[in-house]
Every structure is written in structure tokens, then in C-alpha cells.
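Accompanying notes for the structure given below.
Each reported figure results from applying straightforward, stated rules to the coordinates on display, with no laboratory input. Because the structure is a prediction, the values reported are computed rather than measured. Don't worry about glycine lacking a Cβ; one is built from the backbone with ideal geometry, like all the others, and counts go over all protein chains shown.
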Amino acid sequence: MPQRTCLAIVLAAGEGTRMRTSLPKALHAIGGRTLLEHVLSAVSGADIALVVGPDHGALETAAKKLVPDAQVFVQRERLGTAHAVLAAKAALEKKHDDILVMFADTPLVRAETLTQLRAALAQGAAVAVLGFKPVDPTGYGRLVMKGDDLTAIVEHRDASDEQRKIDFVNGGLMALSGAHALTILQRIDNANAKGEYYLTDAVAIARDMGLKAVAIETAEDDVLGINTKAQLAQAEAVLQNRLRNAAMEAGVTMVAPETVFLSTDTKFGNDVTIEPNVVFGLGVTVDDGAVIRAFSHLEGAHVGKGARVGPYARLRPGAELGADVHIGNFVEVKAAKIEDGAKANHLSYIGDARVGAGANIGAGTITCNYDGINKHLTDIGAGSFIGSNSALVAPVKIGDGAYIGSGSVITKNVPADALALERSEQTVKEGWAKKVQALKAAKAKKK
């Protein structure tokens with residue numbers, strides 16, 4: 001059987017103002033990915049038609065970045081969902097096999113759910129609607145069924161008392177047969193109290209044309225729409241539960257999973273352990289056997305096999321940890337390669353650097369990488385020992401096996417196996433503290 005073609009029409013025209021922000025609703029993020037990106041990811045491989053409102057160039061830019069050949073259409077007047085879909089008439093006229101109508105503020109729909117909708121079209125339906133059963137159906141359009149057939153979608157305000165007892169409701173997303181979509185949509189009128197063109201009328205029109213309409217049941221989370229910051233947080237919670245469960249199913253150990261926050265692209269190897277209160281930003285890969293200790297934050301980082309991170313560590317973009325590396329409490333790593341077996345166990349900053357295999361970075365050590373204009377590299381050789389409270393002023397190279405004395409400020413290269421010290425001579429004044437204490441006591445008596 002030849003593969004069916006698909007057009008996904010993503011509606012992002014009705015932005016609203018309930019988010020209390022200047023950022024377009026669809027560009028808010030959950031799991032490190034914008035709502036729009038979640039929706040587009042769910043229809044990967046389909047042709048994309050994005051419908052936006054006037055003056056939403058940011059949405060077009062975002063869509064083109066994700067799907068360069070996406071078509072963008074503008075709905076200049078907001079006259080209902082069917083009117084928005086018809087803004088993409090030029091795309092509809094290409095007669096794809098399947099048409100998916102989606103919403104940019106409904107980011108949690110899964111690819112497998114959309115596959116079910118498309119399967120209904122392949123089996124002969126002209127319209128397939130996504131429905132769910134909420135705890136409280138009040139306010140939702142009811143899906144009126146007759147056996148396996150969907151006969152109508154009745155809005156709550158128009159429903160009879162008997163229809164309001166129906167607990168199967170409209171989730172909003174819809175699939176249309178490409179052979180009939182344009183005809184169905186163009187027959188929808190605005191003879192209703194709001195004077196708008198409702199996509200839900202497609203069901204009754206399809207049946208009037210002698211065509212089949214069906215409803216596919218899904219979980220309520222799949223069709224969770226976002227109009228407020230509270231709903232954004234609710235969607236984040238749902239997504240995090242999905243990501244955590246998937247990670248644990250794959251073998252990751254989470255001591256307190258409800259406190260761990262993941263990004264959609266976080267990758268784990270086997271036998272990884274994550275302690276409580278850890279945040280993974282975008283672009284993090286954790287290899288086999290690594291342990292991420294409590295209260296650590298990772299972003300754009302690669303953690304090698306058997307490495308230990310934290311507690312209270314921060315890995316910023318470009319941090320690359322080799323096998324068995326130890327990054328301890330209050331250590332920050334940025335744009336630095338820490339090679340196998342190296343250790344920085346506490347209170348250090350390693351930025352724009354290479355730390356050779358087996359090197360030891362003492363407490364309080366920093367790489368002074370920024371001169372106010374440019375960033376510079378610090379190269380720390382394999383097996384070297386950097387004493388506590390040292391400052392390595394880049395660009396500088398510490399040779400293999402070299403020692404840096406504690407409290408040194410190193411501004412010049414240090415050869416391999418050498419000892420470098422940079423301190424002023426210690427001065428001791430006997431009895432000085434006792435004299436100062438006596439003076440303080442005398443002043444206190446005079447008051």
C-alpha cells in the first residue's frame with residue numbers, strides 16, 4: 001500500500017491576552033521546547049501549513065527555523081476555527097490524503113494519537129475527531145455517538161439536558177479526508193450566535209453528504225490546551241511526568257522523580273542515578289553508570305561514563321566530562337573538556353579550559369578566562385596538581401604532571417613536572433595582636 005500523504009494545518013491565530021505577556025503564546029516553552037515545536041514534532045514528516053494572526057512574524061520565523069519548507073498563512077479576521085483552516089486554502093487544494101487540524105497551544109498530543117486519527121481516515125472515514133472523557137464535562141462540546149459513528153458535536157450551551165449527560169467530549173483536534181476536506185469546509189456557514197465559522201460543524205456536514213464521521217478516544221492530557229500561565233505550568237507537569245516515566249522505564253534510577261526536571265532531548269545511558277532536585281536543560285547527555293547528585297543544574301553538557309557530578313554542581317554549555325570524572329559541590333564548568341579521571345571536588349570555576357586526564361583541581365581554583373573583551377583558553381596537563389585557591393590567568397598552559405602551589409596566581413606557562421609558586425613572603429610580627437587588643441580595651445573604657 002502506498003504511503004498516505006499528510007498536511008498538518010497548525011492554527012496559531014487566536015493568541016489572546018490571558019498569558020499576560022508580549023511573547024506569542026505558542027512560543028512559550030515546556031520541557032525546554034516551545035509549544036509550537038512540540039506540535040510540529042508530533043507531525044514530523046507531514047507537510048506543514050501554519051495559520052497565524054496579523055503581526056505575528058515571530059511565529060513565522062520560529063516555524064521556518066524548525067521546518068524550512070513550512071507554508072505560512074495569515075488569518076486577518078478572527079471568524080472562527082473553520083475560517084482559520086480555510087486561510088490555508090492554497091495548501092488544501094493540493095489534495096493530500098490526510099488533513100490534520102491542530103492547535104499551536106495544544107502541545108502534548110502524541111504522534112501515536114495522530115496516527116490513530118489518520119488510521120480512521122484510511123479505513124474510510126471522512127472526518128475523525130479526537131475526544132476524551134473528563135472528570136467534569138461542563139463547558140465542553142459533547143460527542144453524540146450512534147454505535148461507532150459520530151453523528152454530531154453539540155456545544156454545551158446548545159445541548160439538551162439529555163445530551164449534557166454525555167461524558168465523551170470534543171478535544172478540538174480533527175482529521176479530514178483530503179478528498180472531501182475543502183468541500184466540507186466551504187459548506188460551513190456562520191449562522192450562529194457568534195457569527196463565526198465553526199470547525200465542529202464539519203461532522204454534521206459530512207454526514208449530510210453521506211460520509212462517515214468517527215471519534216477516537218484519547219487521554220485528557222493529550223488535548224490539554226494552554227491559555228494561561230497556570231495551564232502552562234500544568235502542561236509542564238504532565239510533560240515532566242511523561243519524561244521521567246520514560247527515563248525510568250529505560251533503566252534510570254531517580255531517588256525522588258517528582259523533583260527532577262528534564263528537557264525533551266535529555267539522553268541517558270544505562271545504570272544512571274539521579275538524586276533529588278536536579279535540573280536538566282537542553283542538550284544534556286549522561287553516559288552509563290554516571291551519578292548526578294542533588295541540587296545540580298546541567299545544560300548543554302556531556303557527562304562521561306561513571307562520572308560523578310554534584311551535589312550543587314553546575315554544568316554549562318560546552319562542558320564535556322570524560323569517564324570517571326568527579327565534579328563536586330559548588331563547582332561550575334563551562335566550555336571545558338575535563339578528561340578521564342580528573343577531579344574538581346569543590347568550590348571551583350573551570351571555564352574555557354582543558355583539564356588533562358587524572359589532574360586534580362584544588363578547592364577555590366579558578367580559570368581567569370575573560371579579559372573584558374575576549375575569552376582565552378587554560379590548558380591543564382594530565383596528572384597535574386593545582387593547589388587550593390589558585391588563579392590561572394588565561395591564556396596559560398600547565399604542563400603534564402606539574403604542581404601549582406596553593407594560593408598562586410599563575411600568569412605564565414608552567415613546564416611539565418615543574419613546581420610553580422607565586423606568593424609574597426610571609427611576615428610575622430610577634431606580639432602585634434596582643435597590643436591591638438590592649439588598645440581596643442582602652443578605647444572601650446573611655447566610652
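With r defined as the distance between the Cβ atoms of E155 and V255 and R0 fixed at 35 Å, what FRET efficiency is calculated, to the nearest 0.05?
Working: r = 47 Å, r/R0 = 1.35.
Approximately 0.15, to the nearest 0.05.
Tell me, what HN-Hα J-couplings in whole Hz come from the Karplus equation 6.51 cos²θ - 1.76 cosθ + 1.60 at θ = phi - 60° for each residue of the range 372-383, using x for Gly and Pro?
Karplus values, whole Hz, x for Gly and Pro: x, 10, 10, 9, 10, 8, 10, 10, 10, x, 4, x.
If you take every DSSP beta bridge whose two residues both sit in the chain, what share of them, in percent to the nearest 5, is antiparallel? Please report the intermediate quantities before stating the final value.
Values: 18 of 93 bridges.
Just about 20 percent of them are antiparallel.
In Å, the Kirkwood hydrodynamic radius of the range 314-410 over pairs of distinct alpha carbons?
Details: mean 1/r = 0.0794 Å⁻¹.
Averaging 1/r across every pair of different Cα atoms and inverting gives 12.6 Å.
Using label points projected 7 Å from each Cα along Cα→Cβ, tell me how many nm separate N389 and K65, to one decimal.
Placing both labels 7 Å along Cα→Cβ, they lie 4.5 nm apart.
So what's the Cα pair-distance distribution over the range 229-420, bin width 5 Å, in %?
The percentages, shortest bin first, are 2, 9, 16, 21, 16, 12, 9, 7, 5, 2, 1, 0, 0.
What lysines could a cross-link reach from K446, if we take a straight Cα to Cα line under 26 Å and drop same-chain neighbours fewer than 8 places away?
List returned: K434, K435.
A152's amide H: which non-local residues (gap 5+, or another chain) put their own amide H closer than 5 Å, with H modeled 1.01 Å from N in plane and none for Pro or chain starts?
Amide H neighbours of A152: V144.
Post the alpha-carbon centroid distance, the range 55-111 to the range 287-306, in whole angstrom.
Distance between centres, Cα-based: 39 Å.
For the chain, what does the relative contact order come out to in percent, with C-alpha contacts under 8 Å and a separation of six or more? It would help to have the intermediate numbers written out before the result.
Values: 1113 pairs, mean separation 36.8, N = 447.
Once normalised by length, the contact order is 8 percent.
Give me Rg over Rh for the range 210-268, both radii from the alpha carbons and Rh done the Kirkwood way, two decimal places. Mind dumping the intermediate values first?
Numbers: Rg = 15.8 Å, Rh = 13.8 Å.
Result for the range 210-268 is an Rg/Rh of 1.15.
State the antiparallel share, in %, of DSSP beta bridges confined to the range 6-223, rounding to the nearest 5. Walk me through the intermediate numbers first.
Working: 17 of 38 bridges.
Around 45 percent antiparallel, to the nearest 5.
In the range 6-223, if the dipole is taken from +1 on Lys/Arg beta carbons and -1 on Asp/Glu beta carbons about the Cα centre, which of L11, T183, L117 is farthest to the positive end?
The listed residue farthest towards the positive side: L11.
Just going by the charge dipole of the range 229-420, with Lys and Arg at +1 and Asp and Glu at -1 on Cβ, which of A391, N413, H297 is farthest out on the positive end?
Checked the options; the winner is A391.
Can you tell me which of 265-274, 80-89, 153-162 comes out highest on packing, and rank the rest after it, using the mean Cβ neighbours within 10 Å? Could the numbers behind the result be given before it?
Details: 265-274: 18.2, 80-89: 22.4, 153-162: 13.7.
Top to bottom by mean Cβ count within 10 Å: 80-89, 265-274, 153-162.
Rg and Dmax in Å for the range 251-351, alpha carbons only: what are they?
11.6, 32
What order, most packed first, do the peptides 393-406, 57-70, 26-39 have when packing is the mean number of other Cβ atoms within 10 Å of each residue? Could the numbers behind the result be given before it?
Working: 393-406: 19.3, 57-70: 15.6, 26-39: 22.0.
Taking the mean over residues of other Cβ atoms within 10 Å, the ranking is 26-39, 393-406, 57-70.
Can you work out ³J(HN,Hα) from phi for every residue in the range 66-71, in order, using Karplus 6.51 cos²θ - 1.76 cosθ + 1.60 and θ = phi - 60°, giving whole Hz and x for Gly and Pro?
7, 9, x, 9, 5, 8
Please give the contour-minus-distance gain from Q116 to N245: 0.36 nm per residue of separation, less the Cα-Cα distance, rounded to one decimal in nm. Kindly include the intermediate steps, with their values, before the conclusion.
Values: separation 129, 0.36 × 129 = 46.44 nm, distance 2.26 nm.
Result: 44.2 nm gained on full extension.
Cross-link partners among aspartates and glutamates for K343, C-alpha distance below 19 Å, same-chain residues fewer than 8 apart left out?
D287, D288, E320, D324, E332, D352, D379, D400, D417
Treating the beta-carbon of each Lys and Arg as +1 and of each Asp and Glu as -1, no other charges, what is the dipole magnitude of the chain about its Cα centre, to the nearest 20 debye?
Details: 49 positive and 50 negative charges, 484 e Å.
That gives the chain a dipole magnitude of about 2320 debye.
Grab the alpha carbons of the range 6-223, take their convex hull, and tell me the volume per residue in Å³. Walk me through the numbers on the way to the answer.
Working: hull volume 27.4 nm³, N = 218.
Taking the convex hull of the Cα positions in the range 6-223, it is 126 Å³ per residue.
So which lysines pass the test for K397, namely a Cα distance under 17 Å, with those fewer than 8 places away in the same chain ruled out?
K337, K375, K412
What residue among V127, V436, L27 has its Cα farthest toward the positive end of the dipole of the chain, where the charges are +1 on Lys, Arg and -1 on Asp, Glu, each on the Cβ?
Result: V436, furthest along the dipole toward the positive end.
Please grab the % of Cα pairs in the chain that end up more than 34 Å from each other. Display every interim value, and only then the final one.
On the way: 50950 of 99681 pairs.
Here the long-distance tail beyond 34 Å is 51 percent of all Cα pairs in the chain.
First measure r as the distance between the Cβ atoms of H376 and K435, then evaluate 1/(1 + (r/R0)^6) with R0 = 35 Å and state the FRET efficiency to the nearest 0.05. Write down the numbers at each step before the final one.
Working: r = 46 Å, r/R0 = 1.32.
FRET efficiency, H376 to K435: 0.15.
For L173, which sequence-distant residues (separation of 5 or more, or a different chain) have an amide H within less than 5 Å of its own amide H, given hydrogens modelled in the peptide plane?
Excluding prolines and chain starts, which carry no amide H, the hits are L130.
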